[in-house]
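Chemist: Pasting in a structure now, in structure tokens, and then I'll have a few things to ask.
The values are calculated or read from the model by the stated rules, or taken from the named source; none is laboratory data. Note that the structure is a prediction, hence the values are computed from the model and not measured. Neighbour counts are summed over all protein chains in view; Cβ atoms, including those assigned to glycine, are modelled from backbone coordinates with ideal geometry. When the accessible area is computed, the model is the full protein with side chains, heavy atoms only, and any ligands, DNA or RNA have been set aside. Shrake-Rupley method; radii C 1.70, N 1.55, O 1.52, S 1.80 Å.
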Amino acid sequence: MEKSIMNLNNKKILFIAPKFYYYHSDIVKSLEFQGSYVTFYPEMIQSVLYRISNKFSAMLENYLRNRYLKSILDDTKENMYEIVFVIRGGYLSPLWLEALRLKLPNAEFVMYQWDSTRQNNYLALIKYFDSVKTFDMIDAKKYNLDYLPLFYTRQYRELQKEKKVQKYDLVFFGAYHSDRLKIIKYIDKLFKKNNLVFKYHLFVTRLALFRLLLTRVISLNDLPYFKTYSVSSDEIIETYKESSAVLDIELSIQNGLTMRTFETLGAHLKLVTTNENITKESFYDPNTIMYIDRNNINLELDFFKKTRDIDNKFDEFHIDSWIKNILV
């Protein structure tokens, strides 16, 4: 994309979002690429003391959070920013947003939600924003918000050009939650019976794994399915280069499509997902996207044997286009 989007050129943007993997820094890079001057603040304090208070002292947590938010207000001069861009905003309060609007009366306030209201109830914040978009199709309809799915970043677009010899028919990377273990066990056994290769990395901390064993949520026979170390994004991308399809098992309380969905399709890989909402999207194509019912798993194995070129219709979900759809 050319650096010619005049709506963002020379705009001063206050960007508040979770520090989540590398996504926040990629959003900053995209904003700057499109000509903006960006000041980024994590929505939550990045300190050991705050993480400890979050577990043991609600009073200390509130004090530290309020002091942190006050520091953002103190650093913000009158009419310093033309756009306030908030992702999630789970730690912001109506009173704080009201104070920020008084300092920036001419700024456009924009919020994007990559959580559902069931996980992050942001409804009390909506009235302080000029524009609110969500990745959750059901929340969008229920609360009369704009629907905008997530995005993929530049490194996944580059994957289109860097494919290697295929080693894996299906890959999965993700942390343990809900029914992920059950689904991975089923697919692993099915693939082994049919001479297909399934590579998975189901992450859990050692302490959590020990707790799962003690409470008999899992058995000793389940241990080989877990990994107690994480992998970097670079390792994931290297694996994707040698893969045909990616498995996506979303959190069951979420309706929105995951980041993995768009990273996979943006890399021109096939997708297997438990999220039924993908069948309602205009880009849904059963030749490249397989929906599986997490309660009644049925995989069509021919899906993994067929090859098909994927066109560039996913360009609209590239991060630069996504930014434009939110702020322009």
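Chemist: Quick one: what pairs do we get from the stretch 195-210, first residue more than 15 Å from Tyr225 (Cβ to Cβ), second assigned to a strand (DSSP E or B), C-beta under 7 Å, 6+ apart or different chains?
Modeler: Once the first residue is more than 15 Å from Tyr225 (Cβ to Cβ) and sits in the stretch 195-210, its partners that are assigned to a strand (DSSP E or B) give Val197/Tyr168.
Every residue, every condition in (1) at negative phi; (2) of a type in the set (Ser, Thr, Tyr); (3) modelled with pLDDT of 95 or more, yes or no:
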| site | (1), (2), (3) |
| --- | --- |
| Glu98 | yes, no, yes |
| Tyr128 | yes, yes, yes |
| Met137 | yes, no, no |
| Thr153 | yes, yes, no |
| Glu158 | yes, no, no |
| Lys161 | yes, no, no |
| Gln166 | yes, no, no |
| Leu170 | yes, no, yes |
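Chemist: Next question, about the same structure. Six or more apart or on different chains, Cβ under 6 Å: which pairs go from a residue in the stretch 168-186 that's under 13 Å from Thr273 (Cβ atoms) to one that's of a type in the set (Val, Ile, Thr)? Could you list them?
Modeler: Every condition considered, the pairs that remain are Arg180/Ile249; Ile183/Ile249.
Chemist: Count, please, the residues in the stretch 194-218 that happen to be under 20 Å from Ser243 (Cβ atoms) and either among the charged types (D, E, K, R) or open to solvent by 50 Å² or more (accessible area, probe 1.4 Å) (or both).
Modeler: Looking only at that region, the number is 5.
This table checks each residue for (1) of a type in the set (Lys, Arg); (2) more than 17 Å from Ile292 (Cα to Cα); (3) modelled with pLDDT of 95 or more.
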| position | (1), (2), (3) |
| --- | --- |
| Leu213 | no, yes, yes |
| Leu223 | no, yes, yes |
| Ser252 | no, no, no |
| Asn255 | no, no, no |
| Gly266 | no, yes, no |
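Chemist: Still on this structure, I have one more. Would you call Leu92 in contact (Cβ under 8 Å) with a residue 12 or more places away in the chain, open to solvent by less than 20 Å² (accessible area, probe 1.4 Å) and not in a helix (DSSP H, G or I)?
Modeler: yes
Chemist: Could you tell me whether any residue of the stretch 319-327 is open to solvent by 20 Å² or more (accessible area, probe 1.4 Å) and among the hydroxyl-bearing types (Ser, Thr, Tyr)?
Modeler: Within the stretch 319-327 (the criterion being open to solvent by 20 Å² or more (accessible area, probe 1.4 Å) and among the hydroxyl-bearing types (Ser, Thr, Tyr)), the answer is yes, since at least one residue qualifies.
Chemist: Please verify whether the stretch 235-249 includes one or more residues that are closer than 21 Å to Phe135 by Cα and polar (S, T, N, Q).
Modeler: No: zero hits.
Chemist: Within the bounds of the stretch 162-172, is there any residue that is farther than 26 Å from Lys241 by Cα and part of a loop (DSSP other than H, G, I, E, B)?
Modeler: no
Chemist: Can you pull out every residue in the stretch 212-236 that is over 27 Å from the mean Cα position of the chain (by Cα) and either under 21 Å from Thr274 (Cα atoms) or basic (Lys, Arg) (or both)?
Modeler: Arg216
Okay, residues lined up against (1) in contact (Cβ under 8 Å) with a residue 12 or more places away in the chain; (2) part of a strand (DSSP E or B); (3) open to solvent by 70 Å² or more (accessible area, probe 1.4 Å); (4) over 23 Å from Met259 (Cβ atoms):
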{"residue": "Asn79", "(1), (2), (3), (4)": "yes, no, yes, yes"}
{"residue": "Phe109", "(1), (2), (3), (4)": "yes, yes, no, yes"}
{"residue": "Thr117", "(1), (2), (3), (4)": "yes, no, no, no"}
{"residue": "Leu125", "(1), (2), (3), (4)": "yes, no, no, no"}
{"residue": "Val132", "(1), (2), (3), (4)": "yes, yes, no, no"}
{"residue": "Gln155", "(1), (2), (3), (4)": "yes, no, no, no"}
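Chemist: Conditions first: (1) open to solvent by 20 Å² or more (accessible area, probe 1.4 Å); (2) within 24 Å of Asn295 (Cα to Cα); (3) modelled with pLDDT under 95; (4) not charged (D, E, K, R). Ser232 passes all but one, so which condition is the exception?
Modeler: (2)
Chemist: Kindly check whether there is at least one residue in the stretch 266-288 that is surrounded by 12 or more Cβ atoms within 10 Å (Cβ to Cβ), assigned to a helix (DSSP H, G or I) and in contact (Cβ under 8 Å) with a residue 40 or more places away in the chain.
Modeler: Yes, the stretch 266-288 contains at least one residue that is surrounded by 12 or more Cβ atoms within 10 Å (Cβ to Cβ), assigned to a helix (DSSP H, G or I) and in contact (Cβ under 8 Å) with a residue 40 or more places away in the chain.
Chemist: Which residues, taken from the stretch 65-77, are of a type outside the set (Ser, Thr, Tyr) and open to solvent by 40 Å² or more (accessible area, probe 1.4 Å)?
Modeler: Within the stretch 65-77, Arg65, Asn66, Arg67, Lys70, Asp74, Asp75, Lys77 meet the criteria.
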